[in-house]
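Notes for the one structure printed next.
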Amino acid sequence: MTLIVAIDGPSGSGKSTVARGVARELGLDVLDTGAMYRAVTLAVLKSGVDPADAAECARIANDADLQVGAHVMLGGEDVTEAIRGPEVTSTVSQVSAHPEVRHELVDRQRAWIDERGGGVVEGRDIGTMVFPDATIKVFVTASDEERARRRQRDEVAAERAVDVDSVKEDLARRDRADSSREASPLRAADDAVIMDTTDRDVDDTVQDIVERVRAVSD
């Protein structure tokens, strides 16, 4: 059986931290699909292409020399930090809404699992679209206030000064865009386990998921 752990959720929910913890506990590789969309968005911005131009964004996605692991490499360049910048953050929802872009990156995500025979995959449409038959599906969430605080801490760590209210507004904008897009909108799969991390320890969340995976895969 191919072991696939699908972890979805909005920005700031803690899904990336949880996904890395689950992968570590289970001895699996982890794929951050959001980083893939961010890298394509960076390529779009660098090329000067209009992010609203679906055909050109799809061409860039199709041609992208992209590797996502501990570091994100785009055309041989380490863009791990660059894809987290404010310009990419404000544009990624627009680029990732194009069905042609999503089609290309979903193909790459499925190929990633095929090459490894399983793994932990985190994003926004993993359980609903990319791997609807995943071994276990988890939708990670948190309160708007907590998500904003987490994102602000990330920005401060990256030496970008922003206030909580601004971050909260940006998260709300992205939530609306990601949840209302036609192609693979952000939502929990019907059979996903919903986990609220607002007041929950990361290790506790990770262990909960690991136990569920082991229970269904033994």
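Just so you know, all these numbers are worked out from the coordinates, no wet-lab data involved. What you see is a predicted model; the values in this text were computed from it and never measured. Note that we place each Cβ from the backbone using ideal geometry, even for glycine, and neighbour counts take in every protein chain shown.
Structure above, values below:
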read-out: FRET efficiency, 1/(1 + (r/R0)^6) with R0 30 Å, evaluated for D50 and D29 via beta carbons; value: 0.30
read-out: Fraction of beta bridges assigned by DSSP in the range 3-207 that are antiparallel (%, nearest 5); value: 25
read-out: For the range 111-127, 3J(HN,Hα) per residue [Karplus equation, 6.51 cos²θ - 1.76 cosθ + 1.60, θ = phi - 60°, Hz, x = Gly/Pro]; value: 5, 4, 5, 4, 5, 9, x, x, x, 9, 10, 10, x, 10, 9, 5, x
read-out: Estimated [θ] at 222 nm from DSSP helical runs (n ≥ 4, -39500 (n - 2.57)) normalised by residues in the chain, nearest 500; value: -16500 deg cm²/dmol
read-out: M73, M129, M1 arranged by Cβ crowding within 10 Å, fewest neighbours leading; value: M1, M73, M129
read-out: Within a Gaussian network of the chain (alpha carbon springs, distance under 10 Å), most fluctuating of D190, D154, D144; value: D190
read-out: Point-charge dipole on Cβ atoms (K/R +1, D/E -1) for the chain, about Cα centre, debye to 20; value: 40
read-out: Translational D in µm²/s for the range 142-190 (Stokes-Einstein at 25 °C, 0.890 mPa s, Kirkwood Rh from C-alpha pairs); value: 208
read-out: Residue with peak Gaussian network fluctuation, the chain [Cα springs, cutoff 10 Å], from A148, A43, A157; value: A157
read-out: Prolate/oblate/rounded label for the range 1-120 (Cα gyration tensor, a/c 1.5); value: prolate
read-out: C-alpha center-to-center spacing [the range 1-56, the range 59-80] in angstrom; value: 12
read-out: Residue order, fewest to most surrounding Cβ atoms within 10 angstrom, among K168, K15, K137, K46; value: K46, K168, K137, K15
read-out: The range 119-210 - percent relative contact order, Cα under 8 Å, separation 6 or more; value: 41
read-out: The range 3-207 - percent relative contact order, Cα under 8 Å, separation 6 or more; value: 34
read-out: Identified option (computed Kirkwood radius over Cα pairs in Å; candidates (i) 18.6; (ii) 17.5; (iii) 19.1); value: (ii)
read-out: Separation of the A157 and D65 label points, Cα + 7 Å toward Cβ, nm; value: 3.0
